[in-house]
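Single-structure report; data block below.
The values are calculated or read from the model by the stated rules, or taken from the named source; none is laboratory data. Remember, predicted model here, so these are calculated numbers, not experimental data. Quick reminder, even Gly has a Cβ in these numbers, built from the backbone with ideal geometry, and neighbours come from all protein chains shown. Keep in mind that these areas ignore ligands, DNA and RNA; they rest on the heavy atoms of the full protein, side chains included. Shrake-Rupley method; radii C 1.70, N 1.55, O 1.52, S 1.80 Å.
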Amino acid sequence: MNIALITSKKWYMRSRGDISLKEALLQAGIHAQICNWEDDVLWEDFDLLILCSPWDYYDHFTDFQNWLTDLKARGVSVANGVDAIQSNIDKVCQIENLSGSPVPFVPSRICHSTQQAYMMCMEMGQPQVVLKPTKSASGHNTFALHCGQDGFQKKLQAIAENILEAGADIIVQPFIHSINDGEYSLVYFHGQFSHGVIRYPGVLGKKKEAVPVRMIEPKWLNAGNAVCSFLQADKLLYCRMDMIEYNNQIEIMEIEIAEPDLYLNLDYGETVSPRERFVQEIVREVFRNENGCICGGK
């Protein structure tokens, strides 16, 4: 068994998660290699590619999309499947795909110009809004703005122009104040709940480490399971659901099935760690691919 853990030149050997997952795979007798997606590699030599930390893909969005398309054309097995990954990293597609979800997506407006973004902010009637690109990761170019503050329109224009110049459209959302206490992120392997964390998005302006949640409240777990069923997540090697409570209901902030941090290195106080479970599921995924069963790989 030969596994490629995909990163980028910028993030190569900088992710502790990549390094510890490689070590865990090697300890399980599975050959694993951390590879940059930009490098000239014979990808057919691997039984499975897992996107782990190519977190700057938005800076090379077209090239990254072309690389994924080429993998699919060559029949290379990619965890979660190229089609699913490509639609997930485009937030417009992600929002559209979740339009019928039993758990609603946080109210989001897609804007194609600075003027449209300003008008949407006014129409929302919220004291504070969030602007983010339709193509980004790790909170890149994501900002919270107070609509009534002096200079609001000027700040919005600068942010919106920067997003548009980078080749993305603009998403306008209400700022949800409970985000100050973090958002719930639930991690699933092959549609089965594995572990949860409270994480603090970059829009808060200060870096806070994610906190493992050892006992998930039923309301979060029920919501996550409902979305899993909707997504047919049993076909996905991994999936991370970021959710928040807003207007007295749980809503989706984002569904990550491309290159999420799975928080495998945190201590959950379990006999079998999430990292060990993930290794077991990777083996299961490879065997499913080889046996021609349902698989999100190709």
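Kindly provide the set of residues from region 145-200 that are open to solvent by 50 Å² or more (accessible area, probe 1.4 Å), out of contact with any helix residue (DSSP H, G or I) (no Cβ under 8 Å at 6 or more places or on another chain) and of a type in the set (D, E), ordered by number.
Across region 145-200, the qualifying residues are D150, E165, D181.
Only one of these conditions is not met by E217: (1) farther than 18 Å from I89 by Cα; (2) of a type outside the set (S, T, N, Q); (3) buried (at least 19 other Cβ atoms within 10 Å of the Cβ); (4) without any contact (Cβ under 8 Å) to a residue 60 or more places away in the chain. Which number is it?
The number of the failed condition is (3).
Starting from region 62-84, keep only residues that are closer than 16 Å to L237 by Cβ, then list their pairs with residues that are among the acidic types (D, E) and open to solvent by less than 30 Å² (accessible area, probe 1.4 Å) whose Cβ atoms are within a distance under 8 Å, requiring at least 6 positions of separation or different chains.
Close Cβ pairs (under 8 Å, with a partner that is among the acidic types (D, E) and open to solvent by less than 30 Å² (accessible area, probe 1.4 Å)) amount to A79/E285.
Checking H112 against (1) within 22 Å of the chain's Cα centre (by Cα); (2) modelled with pLDDT of 95 or more; (3) farther than 27 Å from I34 by Cβ, which test does it fail?
The one condition H112 does not meet is (1).
Count, please, the residues in region 202-230 that happen to be of a type outside the set (D, E, K, R), under 24 Å from L5 (Cβ atoms) and at pLDDT below 95.
The total comes to 2.
Need the failing condition index for A223 against (1) open to solvent by less than 20 Å² (accessible area, probe 1.4 Å); (2) under 15 Å from the mean Cα position of the chain (by Cα), just the number.
(2)
Those residues that are among the polar types (S, T, N, Q), surrounded by fewer than 18 Cβ atoms within 10 Å (Cβ to Cβ) and either in a loop (DSSP other than H, G, I, E, B) or within 18 Å of the chain's Cα centre (by Cα) (or both), I need them from region 127-140; list them, please.
S138
Which of the residues that make up region 92-108 are part of a loop (DSSP other than H, G, I, E, B), among the polar types (S, T, N, Q) and either without any contact (Cβ under 8 Å) to a residue 40 or more places away in the chain or open to solvent by 40 Å² or more (accessible area, probe 1.4 Å) (or both)?
If the condition is that a residue be part of a loop (DSSP other than H, G, I, E, B), among the polar types (S, T, N, Q) and either without any contact (Cβ under 8 Å) to a residue 40 or more places away in the chain or open to solvent by 40 Å² or more (accessible area, probe 1.4 Å) (or both), then S99 is the only one that fits.
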